[in-house]
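Shown next, in structure tokens, is the structure this report addresses.
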Amino acid sequence: MFAYGVWGMVTLTTAEYELSASRHLKRREFAGGAYRGYQAGETIFEVGNRRARIFYLISGWIISWKLLPNGTRMVSDFSLPGDIVWTASAELSRETMQALSNIRIYELPALGDRKPESASNDLHRALLLEMVRRQARLTERMANIGRRDALARTAHLLLELAVRLGVFQHESADGFECPLTQAEIGDAVGLSTVHINRVLKDMRLSGLLIFKSGVVEFLDRKKLEELVDFDPSYLAPPAERRL
């Protein structure tokens, strides 16, 4: 990721996120964009919106979800600071994107609106790498829901979010601020809110993890990773992979 969301237990401010992101946004593939902000709960992209958008998420969290015919909701992904979001796939899959917290983005001109000379190979590569990363997360999410028990599903998701935020790159850090509700976690792992509540209680009593007042704290991360067989290799930064 381009920017990390947590240093220890302290979340970076929007200004600090922007400073961290500025060197990336000055690159030529990001030319011609504009800063925008959304409040928590605002819809960023919804079914029926045919205008494909590309933006760099500077701060805050975005939730992507799909409404099923029976009225239930399935959460497909979370976008975190440093992610490049392209809504073209959301249009095809009929997903809605919503701000989970107050967010700030840098929106780029759509590919079709760019002059040929400005639609650089660098931007195309950045979009391709982001698609690869998202596909890896979705494949792991399918395995999570289809083949893991309730505790493993929940722990795996929270460990994934921590890795994506860069939490474990700092020896003194073992937690992060998390704007998710138990209902949203449940929609992401295919469990009811009651079941999620029970799982979180079990992990707390087992000395593995605490999720309280919007903060996830890993009490024994190594033990938890071994228990749920968490392998973060699918989250390796794109720069470390070849296309």
Q.
Can you confirm whether Gln169 is touching a residue at least 40 places away in the same chain (Cβ under 8 Å) and polar (S, T, N, Q)?
A. yes
Q | Positions within the stretch 131-152 being within 17 Å of the chain's Cα centre (by Cα), charged (D, E, K, R) and at pLDDT 90 or above, in sequence order | A | Arg137, Glu140, Arg141
Q.
Going residue by residue through the stretch 13-31, is there one that turns out to be of a type outside the set (D, E, K, R), in a loop (DSSP other than H, G, I, E, B), over 24 Å from Val163 (Cβ atoms) and modelled with pLDDT of 50 or more?
A. yes
Q: Select, from Glu225, Glu140, Glu160, the only residue that is among the charged types (D, E, K, R), assigned to a helix (DSSP H, G or I) and touching a His at 6+ places or on another chain (Cβ under 9 Å).
A: Glu140
(Q) Please verify whether Ser101 is small (Gly, Ala, Ser), more than 25 Å from Gly32 (Cα to Cα), modelled with pLDDT of 90 or more and in contact with a helix residue (DSSP H, G or I) (Cβ under 7 Å, 6 or more places away or on another chain), treating the condition exactly as stated. (A) no
Q | Selection count, the stretch 64-82, where residues are crowded, with 21+ Cβ neighbours inside 10 Å and outside any strand (DSSP E or B) | A | 2
Q: State all residues of the stretch 163-200 that are assigned to a helix (DSSP H, G or I) and closer than 17 Å to Lys223 by Cβ; if no residue qualifies, say none.
A: Val163, Val167, Phe168, Val199, Leu200
Q. Does Gly207 satisfy the criteria of being exposed (fewer than 15 other Cβ atoms within 10 Å of the Cβ), small (Gly, Ala, Ser) and not in a helix (DSSP H, G or I)?
A. yes
Q: Select from the stretch 117-137 the residues that are polar (S, T, N, Q) and either assigned to a helix (DSSP H, G or I) or not assigned by TED's automatic domain parsing to the domain that holds Lys66 (or both) and write down the one among them that is farthest from Lys66 (Cα to Cα).
A: Asn121
(Q) When the residues of the stretch 112-130 are narrowed to those that are closer than 14 Å to Thr87 by Cα and surrounded by fewer than 15 Cβ atoms within 10 Å (Cβ to Cβ), which ends up modelled with the highest pLDDT? (A) Leu128
Q) Looking at Asp229, is it surrounded by fewer than 15 Cβ atoms within 10 Å (Cβ to Cβ), touching a residue at least 40 places away in the same chain (Cβ under 8 Å) and under 24 Å from Ala143 (Cα atoms)? A) yes
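The values are calculated or read from the model by the stated rules, or taken from the named source; none is laboratory data. Note that this is a predicted model, so its numbers are computed, not measured. Because the Cβ atoms are built from the backbone with ideal geometry, glycine has one as well, and the counts that use them run over all protein chains shown.
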